[in-house]
Amino acid sequence: MSMFKWEVVDPAPGEPVGARQRLPWGKTAGLGIQHVVAMFGATFVFPVVMGLDPNLAILFSGLCTILFLVVCKNRVPSYLGTSAAFVGGVAAIRAMGGDSADVTGAIMVAGLVLLAVGVFVHFAGPKMVHAVLPPAVTGAVVMLIGFNLAPVVASVYWPVDQWTALLTATFLVLAAVLFPGFWGRIAVFLALVFGFVISYLSDILFGPITSCGGDGCTPEPHLRVGFDGLAEAPWIGLPSGTLDDGVAAVHGPNVSLVFVLLVLPGVIALIAENLGHVKAVAEMTGDDLDPYMGRALGADGAATALASMFGGSPTTTYAENIGVMSATRVYSTAAYYVAAGVAILLGLCPKFGVLVAAIPGGVLGGITLVLYGMISLVGAKIWVENGIDFGEPRNLVGLAAGMVAGIGGVALDLGGGFEIGGIALGTILVIIYFHAVALRDRRAGSGAPAEGVPAGRMETDVSEVSEASQVSGASEVSGVSGQDEEDGRKP
């Protein structure tokens, strides 16, 4: 069967539809649109948070999804949305004076590194990845990424409109936990709409607010919601204009080694997300997808590098769309081609871009307060689910120094203006110290696994890493929707 031919089926409700099958095109189109809604909130929120163009991110999410499906031979149903793994690194780059070109240049290199890892895994198998990056290390790195974002919420978004931020955060938490099924999975999107409405009504009832976000700025009166340029923006056109730092929305990357080191820890999170995603899909479909793990990693790396070459956002496989498949039991890759097509059309709508740019800072403050915290706690979730024992020195002592260095912003001055600090230094110390202590255990003949995981857990199932770390996106609220058992996911 050709890769682009699907077996047409129309089973009874609740009966599964395989990756290489499809429903009639009308129903397939409906499912594709549902996948777009599921990925939508996180995919355009994170570019805004990173200071990149959301229209471009949506456009490339569609293009990159097609690239992923083709590389994986339409065997791994997945949507590639904006990744949250690099948000901490991007914040660090901007804090050091880097602009959007520096951001996309660093992410492009990270994408190429992930591509290389994918090629390696394709030929060597996933066991090598688990040996180098066991759950103890992966959990620590994910926690570093999340905790480094806390100052961004406190100094940039929250001060813009603290009460709107608080109401938005409260709504997001309640929606993610209390709303049933599909509605819980799109809680980020619903929170955006809620925050937008609250901000608009506040402008009408209370008038302008005097505030600003960021260190050293001068508070000035301003409306919470502004639609300047919406009427003039065309319905159809390529993404254009300039970002807040003056860099063109569509731009070429600028590569700096210092900035590359700040985002490389995000690659570890992407490896965990992608491997977990493939395992989760394999569980749902019953297919053996181990031969496609390397392809999935390489495809995501290539997609991230491709998007960054034009100023787009990094990508990752999305857990929200796993939730849609769990609820519908339709795993057809044809539906993902429809979703990709719809996303491309949205990315080519400048009016949509102006609307996204109008998201109030207070709304972003509420959403990031929850999402950044969830990214942090995903690291602890990885530890718990993989039975990490902190009574073992390799886990307690091996991770301690790197955690404090990364969270506390410790820097190592190497001279000549070259400095490693924050997430980058923390990740390096976590990996080196952990394996150093594990090597001591192995040489001492302790009998404990050198990888720092309980015996029999080397082939750990990290499907929940994929779901929760995309809160990612993310994410990316689906990991806390309270619907795990209903959706067929592992509790």
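Between Cys212 and Leu439, 0.36 nm times their residue separation minus their Cα-Cα distance comes to what? Please report the intermediate quantities before stating the final value.
Values: separation 227, 0.36 × 227 = 81.72 nm, distance 5.08 nm.
So the chain would gain 76.6 nm between Cys212 and Leu439.
Calculate what fraction, in whole %, of the accessible area of segment 101-239 sits on carbon and sulfur atoms when a 1.4 Å probe is rolled over the protein chains. Intermediate values should be presented prior to the final figure.
Details: 4980 of 6670 Å².
The value for segment 101-239 is 75 percent carbon and sulfur by accessible area.
HN-Hα J couplings of segment 128-134 from phi, Karplus 6.51/-1.76/1.60, θ = phi - 60°, integer Hz, Gly and Pro as x?
Along segment 128-134, the couplings run 5, 5, 5, 5, 7, 10, x Hz.
Per-residue counts of other Cβ atoms within 10 Å, averaged by peptide: what ranking do you get for 271-283, 345-357, highest first? Write down the numbers at each step before the final one.
Details: 271-283: 26.2, 345-357: 19.9.
In decreasing order of mean packing, 271-283, 345-357 become 271-283, 345-357.
Peptides 306-313, 427-434, 22-29: what's the order by average Cβ count within 10 Å, highest mean first?
Put in order of decreasing packing, that is 306-313, 427-434, 22-29.
Could you size up the charge dipole of segment 7-377 around its Cα centre, putting +1 on the beta carbon of Lys and Arg and -1 on that of Asp and Glu, and report it in debye to the nearest 20? All intermediate terms of the calculation are to be shown ahead of the outcome.
Working: 13 positive and 21 negative charges, 156 e Å.
It works out to roughly 740 debye.
What's the carbon and sulfur percent of segment 245-325's accessible surface, probe 1.4 angstrom, rounded to a whole number? Show your work: numbers first, answer last.
Numbers: 1240 of 2030 Å².
Whole-percent figure for carbon plus sulfur exposure: 61.
Per-residue HN-Hα couplings for segment 80-93, Karplus 6.51 cos²θ - 1.76 cosθ + 1.60 at θ = phi - 60°, whole Hz, x for Gly and Pro?
With the stated coefficients, segment 80-93 comes to 9, x, 5, 8, 8, 5, 9, 4, x, x, 5, 4, 5, 4 Hz.
Which whole-Hz ³J(HN,Hα) couplings does segment 395-404 yield from phi under the Karplus relation 6.51 cos²θ - 1.76 cosθ + 1.60, θ = phi - 60°, glycine and proline marked x?
8, 6, 6, x, 9, 4, 4, x, 5, 5
For segment 7-377, with every protein chain kept in place, what is the accessible area per residue (1.4 Å probe, Å²)? Don't skip to the answer; put the middle values down first.
Numbers: 13270 Å² over 371 residues.
I get 36 Å² per residue for this part.
Take the residue pairs Lys351/Lys381; Lys279/Lys381; Lys127/Lys381; Lys279/Lys351 and return only those whose Cα atoms are more than 29 Å apart. Before the final figure, lay out each step's value.
Values: Lys351/Lys381 40 Å; Lys279/Lys381 17 Å; Lys127/Lys381 21 Å; Lys279/Lys351 39 Å.
Distance filter (> 29 Å) returns Lys351/Lys381; Lys279/Lys351.
Residues with amide H under 5 Å of Val330's amide H, sequence separation 5 or more or different chain, H placed in the peptide plane at 1.01 Å from N; which?
Counting only residues 5 or more places away or on other chains, the set is Val17.
Scan around Val410 for amide H atoms under 5 Å from its own, H built in the peptide plane at 1.01 Å from N, and keep only partners 5 or more places away or cross-chain.
Counting only residues 5 or more places away or on other chains, the set is Gly422.
The values are calculated or read from the model by the stated rules, or taken from the named source; none is laboratory data. In this text the structure is predicted, and so the values were computed from the model without any measurement. Neighbour counts are summed over all protein chains in view; Cβ atoms, including those assigned to glycine, are modelled from backbone coordinates with ideal geometry. What goes into the accessible areas is simple: the full protein's heavy atoms, side chains included, and nothing from ligands, DNA or RNA. Shrake-Rupley method; radii C 1.70, N 1.55, O 1.52, S 1.80 Å.
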